[in-house]
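Chemist: After the structure tokens below, expect a handful of questions from me.
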Ligand code: F6P
């Protein structure tokens, strides 16, 4: 990639760009704040406060062309096996394709299968929501606990929190992910097993954390209900692995299927979203799917210079590869999106944290940045100091909505004023001359000076609805796709999580067995294991 003509030109251009001043760029072009914006599917995207000129943009767009982004998008939508290391199609876009559309994988129309599962989910969700689905003792289900981890947890948690306003408030939702027993204990300590439904969500149904929590959940349920037949009423599964689901003891009639062409971190709108659908109802869930689909169509069809995910992907790459920025801050000014940054961490970093190209050669440039963030305005009173005056360049994505969900007094105006002010302060800063003009003592001037020139994107939408959330999720999925295509990496595998799992499997018996098997790790690991051996604990 780094040998492409556009890359070389961007390298040369970047030494000029390091001297760009956003103050001057805005002063020289009074239209910049309108010109460097685009609007699509209800998203107003303002990218004018980036360290770019028209030339930068055209070079970045050229890079996208040279890297074959268009062909790769088409290949994904056709269902080609673009996840080459796992020999799989990458078809999360099929999860939200409307009824009647057809995408064929290995001779099967996957869209028809998707809608059959959606209908089954809708039927089940409705029965839980209206009380028709009863627990083993005949009591109504009041509590729904999703057990899963990674993509089988972060998407459901994020969507539940984001769409809580639309949820059925007489149902309680909890999420258990960590193998730390505290997670299960706290999620269940005040609940009645007779009123509790567990959704065991795992693509593979073999994940250590999830299966451990699922077995603990079964013991907890049976300790209260004292009848193995209770499992049928209190456990459902979401998985691609019917064999393991049956082995666990869940009737496969109570299993909601998805497929190996859905990556875990791309699965929040598959059956993995069952808890979301129970919370918000099938109608809202379908609205979310519609939002995802609208963004898919925009990504597939819009010219790159007006394509929001392509533009955002390229701008992220600009800072990552040409300014050595290491991270991206995602800052939603909407409290309901408080788990969105955590969700994005898996989506972006498990996808693009790769060190070799599709051909297995060491990459010649930096790949995925670290994503992090917190909702505004909380972040302003903690880490924004470093973004404003620290020595690191941290590009920011601000996400805001014009209409509040809860219009309380002046709250929303204050919230919006803050997000716009932050982007303005980052871009334009405050010069030492301006600080001096405020009669600041000269020794304090450097401390009160803001260099500015710190880039940000603003994503402005009307209101956080299920449809809007769908658009946001698909937006970031396609940003990841765009960057992975340029870096020529496999954004859909995750081999980097394997080694730790294997080593943990080796250490488990070394901690648990009273025979204290001999240890053959490094001296540090050996010493740590010895200190924690079960037999040595009081
Ligand atoms: O270990 C990483 C991972 O495989 C993620 O990619 C995935 O989302 C998570 O574990 C959970 O996997 P599963 O849904 O198979 O339990």
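The values are calculated or read from the model by the stated rules, or taken from the named source; none is laboratory data. Note that the structure is a prediction, hence the values are computed from the model and not measured. Cβ sites come from the backbone with ideal geometry, for glycine too, and all protein chains shown count toward neighbours.
Chemist: What number goes with the only condition from (1) crowded, with 16+ Cβ neighbours inside 10 Å; (2) more than 24 Å from residue 456 (Cβ to Cβ) that residue 355 does not pass?
Modeler: Going through (1) crowded, with 16+ Cβ neighbours inside 10 Å; (2) more than 24 Å from residue 456 (Cβ to Cβ) one by one, residue 355 breaks only (1).
Chemist: Do we have any residue at all in segment 271-282 that's within 11 Å of the ligand (Cβ to nearest atom), touching a residue at least 24 places away in the same chain (Cβ under 8 Å) and assigned to a loop (DSSP other than H, G, I, E, B)?
Modeler: The initial filter retains those residues of segment 271-282 that are within 11 Å of the ligand (Cβ to nearest atom), namely 272.
Adding the requirement that they be touching a residue at least 24 places away in the same chain (Cβ under 8 Å) leaves 272.
Subset that is assigned to a loop (DSSP other than H, G, I, E, B): none.
Within segment 271-282, none of the residues are within 11 Å of the ligand (Cβ to nearest atom), touching a residue at least 24 places away in the same chain (Cβ under 8 Å) and assigned to a loop (DSSP other than H, G, I, E, B).
Chemist: Here's another thing I want to ask about it. Name the residues in segment 150-172 that are outside any loop (DSSP other than H, G, I, E, B), more than 16 Å from the ligand (Cβ to nearest atom) and either out of contact with any helix residue (DSSP H, G or I) (no Cβ under 8 Å at 6 or more places or on another chain) or over 17 Å from residue 340 (Cβ atoms) (or both), would you? Let's see the steps before the verdict.
Modeler: The first filter runs over segment 150-172 and keeps only residues outside any loop (DSSP other than H, G, I, E, B), leaving 150-152, 154-162, 164-166, 172.
Narrowing further to those that are more than 16 Å from the ligand (Cβ to nearest atom): 160-162, 164-166, 172.
Across segment 150-172, the qualifying residue is only 172.
Chemist: Among the residues of segment 381-421, what is the count of those that are under 15 Å from residue 457 (Cβ atoms), in a helix (DSSP H, G or I) and in contact with a strand residue (DSSP E or B) (Cβ under 7 Å, 6 or more places away or on another chain)?
Modeler: So the answer is 2.
Chemist: Which one of the conditions (1) in contact (Cβ under 8 Å) with a residue 40 or more places away in the chain; (2) surrounded by 22 or more Cβ atoms within 10 Å (Cβ to Cβ); (3) within 22 Å of residue 47 (Cα to Cα) does residue 304 fail to meet, given that it meets all the rest?
Modeler: With respect to (1) in contact (Cβ under 8 Å) with a residue 40 or more places away in the chain; (2) surrounded by 22 or more Cβ atoms within 10 Å (Cβ to Cβ); (3) within 22 Å of residue 47 (Cα to Cα), residue 304 is out only on (2).
Chemist: Out of 150, 107, which single residue is on the phi > 0 side of the Ramachandran plot and surrounded by 19 or more Cβ atoms within 10 Å (Cβ to Cβ)? Talk me through it step by step, then tell me what you get.
Modeler: Working: 107 fails: surrounded by 19 or more Cβ atoms within 10 Å (Cβ to Cβ).
Only one candidate qualifies: 150.
Chemist: Tally time: how many residues in segment 256-289 are farther than 27 Å from residue 351 by Cβ and crowded, with 24+ Cβ neighbours inside 10 Å?
Modeler: 1
Chemist: Any residue that is touching a residue at least 40 places away in the same chain (Cβ under 8 Å), in a loop (DSSP other than H, G, I, E, B) and within 16 Å of the ligand (Cβ to nearest atom) - is there at least one of those in segment 98-109?
Modeler: Step one: list which residues in segment 98-109 are touching a residue at least 40 places away in the same chain (Cβ under 8 Å), which gives 98, 105.
Those left that are additionally in a loop (DSSP other than H, G, I, E, B): 98.
With within 16 Å of the ligand (Cβ to nearest atom) added as a condition, the list becomes none.
The answer is no, given that none of the residues of segment 98-109 is touching a residue at least 40 places away in the same chain (Cβ under 8 Å), in a loop (DSSP other than H, G, I, E, B) and within 16 Å of the ligand (Cβ to nearest atom).
Chemist: In this structure, does residue 182 turn out to be touching a strand residue (DSSP E or B) at 6+ places or on another chain (Cβ under 7 Å), outside any loop (DSSP other than H, G, I, E, B) and over 23 Å from residue 131 (Cβ atoms)?
Modeler: For residue 182, the condition - touching a strand residue (DSSP E or B) at 6+ places or on another chain (Cβ under 7 Å), outside any loop (DSSP other than H, G, I, E, B) and over 23 Å from residue 131 (Cβ atoms) - is not met.
Chemist: Here is a further query. Is it the case that some residue within segment 119-140 is within 16 Å of the ligand (Cβ to nearest atom), under 27 Å from residue 206 (Cα atoms), surrounded by 22 or more Cβ atoms within 10 Å (Cβ to Cβ) and in contact (Cβ under 8 Å) with a residue 24 or more places away in the chain?
Modeler: Of the residues in segment 119-140, the ones within 16 Å of the ligand (Cβ to nearest atom) are none.
Taking every residue of segment 119-140 in turn, none turns out to be within 16 Å of the ligand (Cβ to nearest atom), under 27 Å from residue 206 (Cα atoms), surrounded by 22 or more Cβ atoms within 10 Å (Cβ to Cβ) and in contact (Cβ under 8 Å) with a residue 24 or more places away in the chain.
Chemist: Related question: Pick from 90, 114: which is part of a loop (DSSP other than H, G, I, E, B), under 23 Å from the mean Cα position of the chain (by Cα) and surrounded by 15 or more Cβ atoms within 10 Å (Cβ to Cβ)? Please lay out each step first, then the result.
Modeler: On the way: 114 fails: part of a loop (DSSP other than H, G, I, E, B).
Testing whether each residue is part of a loop (DSSP other than H, G, I, E, B), under 23 Å from the mean Cα position of the chain (by Cα) and surrounded by 15 or more Cβ atoms within 10 Å (Cβ to Cβ) leaves just 90.
Chemist: Quick one: would you say residue 18 is surrounded by 13 or more Cβ atoms within 10 Å (Cβ to Cβ), modelled with pLDDT of 95 or more, more than 25 Å from the chain's Cα centre (by Cα) and closer than 23 Å to residue 423 by Cβ? Explain how you work it out, then say what you get.
Modeler: Details: surrounded by 13 or more Cβ atoms within 10 Å (Cβ to Cβ): no; modelled with pLDDT of 95 or more: yes; more than 25 Å from the chain's Cα centre (by Cα): yes; closer than 23 Å to residue 423 by Cβ: yes.
Spelling it out, it is not the case that residue 18 is surrounded by 13 or more Cβ atoms within 10 Å (Cβ to Cβ), modelled with pLDDT of 95 or more, more than 25 Å from the chain's Cα centre (by Cα) and closer than 23 Å to residue 423 by Cβ.
Chemist: Would you check which residues across segment 173-183 are in contact with a helix residue (DSSP H, G or I) (Cβ under 6 Å, 6 or more places away or on another chain) and more than 16 Å from the ligand (Cβ to nearest atom) and list them?
Modeler: Filtering segment 173-183 down to residues in contact with a helix residue (DSSP H, G or I) (Cβ under 6 Å, 6 or more places away or on another chain) leaves 173-176, 179.
Answer for segment 173-183, where residues must be in contact with a helix residue (DSSP H, G or I) (Cβ under 6 Å, 6 or more places away or on another chain) and more than 16 Å from the ligand (Cβ to nearest atom): 173, 174.
Chemist: Output the helices (runs of 4 or more DSSP H) that fall wholly within segment 187-260 and possess 1 or more residues being within 16 Å of the ligand (Cβ to nearest atom), or say none.
Modeler: 208-225, 242-248
Chemist: May I pose another question? Would you list the helices (runs of 4 or more DSSP H) that sit entirely within segment 1-68 and hold 2 or more residues that are in contact (Cβ under 8 Å) with a residue 40 or more places away in the chain? Give the derivation first.
Modeler: Details: elements: 5-17, 22-28, 32-35, 54-66.
Once the helices (runs of 4 or more DSSP H) in segment 1-68 are filtered for at least 2 residues that are in contact (Cβ under 8 Å) with a residue 40 or more places away in the chain, what remains is 5-17, 22-28, 54-66.
Chemist: Just the residues that are touching a helix residue (DSSP H, G or I) at 6+ places or on another chain (Cβ under 8 Å) and either free of Cβ contacts under 8 Å to residues at least 12 places away in the same chain or in a helix (DSSP H, G or I) (or both), please, taken from segment 75-87. Quick ask: steps written out before the conclusion?
Modeler: Step one: of segment 75-87, the residues touching a helix residue (DSSP H, G or I) at 6+ places or on another chain (Cβ under 8 Å) are 76-77, 79, 82, 85.
Answer for segment 75-87, where residues must be touching a helix residue (DSSP H, G or I) at 6+ places or on another chain (Cβ under 8 Å) and either free of Cβ contacts under 8 Å to residues at least 12 places away in the same chain or in a helix (DSSP H, G or I) (or both): 76, 77.
Chemist: Additional query: Would it be correct to say that residue 226 is modelled with pLDDT of 95 or more and touching a helix residue (DSSP H, G or I) at 6+ places or on another chain (Cβ under 6 Å)? Let's see the steps before the verdict.
Modeler: Numbers: modelled with pLDDT of 95 or more: yes; touching a helix residue (DSSP H, G or I) at 6+ places or on another chain (Cβ under 6 Å): no.
When the stated conditions are applied, residue 226 does not pass them.
Chemist: Can you tell me which residue is farthest from residue 85 (Cα to Cα) among those in segment 322-344 that are assigned to a helix (DSSP H, G or I) and touching a residue at least 60 places away in the same chain (Cβ under 8 Å)? If you could, list the steps in order and put the result at the bottom.
Modeler: Restricting attention to segment 322-344, the residues satisfying the condition of being assigned to a helix (DSSP H, G or I) are 322, 335-337, 340-344.
Okay, now just the ones that are also touching a residue at least 60 places away in the same chain (Cβ under 8 Å), so 322, 336-337, 340, 342-344.
Details: 322: 28, 336: 36, 337: 33, 340: 28, 342: 26, 343: 24, 344: 23 Å.
If we take residues in segment 322-344 being assigned to a helix (DSSP H, G or I) and touching a residue at least 60 places away in the same chain (Cβ under 8 Å), then 336 is farthest from residue 85 (Cα to Cα).
Chemist: Restricting attention to segment 202-235, report how many residues are crowded, with 20+ Cβ neighbours inside 10 Å and within 16 Å of residue 153 (Cβ to Cβ).
Modeler: 9
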